[in-house]
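Everything below concerns the one structure shown next.
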Amino acid sequence: MAHIPRSAIALTALAFAANIPAGYVRAQYEKFSLAWFTAIHITVPPIIVARRMLKLPRVAIPMNIAAAVCGQYVGGKLESSQPTQEQSQQQSK
């Protein structure tokens with residue numbers, strides 16, 4: 001089994017955490033719009049820069065992508081679980 005540096009695991013956790021708010025924002029926009037596309041990809045350049053600065057092995061790439069996708073999913077689910085204004089108004093009546 002290949003040795004995975006702690007910094008790779010830390011960057012993977014950071015990729016996950018950074019994509020939760022991005023996924024939350026993404027879920028608020030129309031699919032395939034510019035804002036939706038931006039919310040998905042906004043975290044990619046900083047993660048790439050960090051991976052290169054830390055000189056991480058290539059095994060970190062799929063780990064970071066998987067973590068980013070999971071973070072986007074979690075953020076999207078958090079947004080969809082929030083009641084809309086209409087639902088809030090109906091509950092208050």
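The values are calculated or read from the model by the stated rules, or taken from the named source; none is laboratory data. Just so you know, these numbers come straight off a predicted model, no measurement behind them. Glycine gets a Cβ as well: all are built from the backbone with ideal geometry, and neighbour counts include every protein chain shown. Ligands, DNA and RNA are stripped out before the accessible areas are found, and what is left, the full protein with its side chains, is counted by its heavy atoms. Shrake-Rupley method; radii C 1.70, N 1.55, O 1.52, S 1.80 Å.
Note on mean projected area of the Cα convex hull in nm²: of the candidates (1) 7.3; (2) 5.3; (3) 6.4, the value calculated from this structure sits at (1). Taking the longest Cα principal axis of the chain as reference, the axis of helix 44-53 is set at about 20 degrees.
On a 0 to 90° scale, report how tilted helix 6-26 is relative to the longest principal axis of the chain, with both axes built from alpha carbons and the result rounded to the nearest 10. Helix 6-26 sits roughly 20 degrees off the main axis of the chain. For segment 1-47, the convex hull drawn through the C-alpha positions has a volume of 86 cubic angstrom per residue. Counting only Cβ charges, +1 for Lys and Arg and -1 for Asp and Glu, the dipole size of the chain around its Cα centre is about 420 debye. Surface exposure of the chain, expressed per residue as accessible area with a 1.4 Å probe, stands at 74 Å².
So how much slack lies between ILE42 and ALA10, counting 0.36 nm per residue of separation and subtracting their Cα-Cα distance, in nm?
Full extension from ILE42 to ALA10 adds 9.6 nm.
Ordering ILE4, ILE47 from largest to smallest accessible area (1.4 angstrom probe), what's the sequence?
Largest accessible area first, the residues go ILE4, ILE47.
The sum of -39500 (n - 2.57) across all DSSP H runs of n ≥ 4, divided by the residue count of the chain, sets its helix-only mean residue ellipticity at 222 nm to -23500 deg cm²/dmol.
Sort HIS3, HIS41 from largest to smallest accessible area, using a 1.4 Å probe on the heavy atoms of the protein chains.
Reading off the accessible areas and sorting them downward yields HIS3, HIS41.
Each of SER33 and VAL59 was given a label point 7 Å from its Cα along the Cα-to-Cβ line. The distance between the two points is 4.2 nm.
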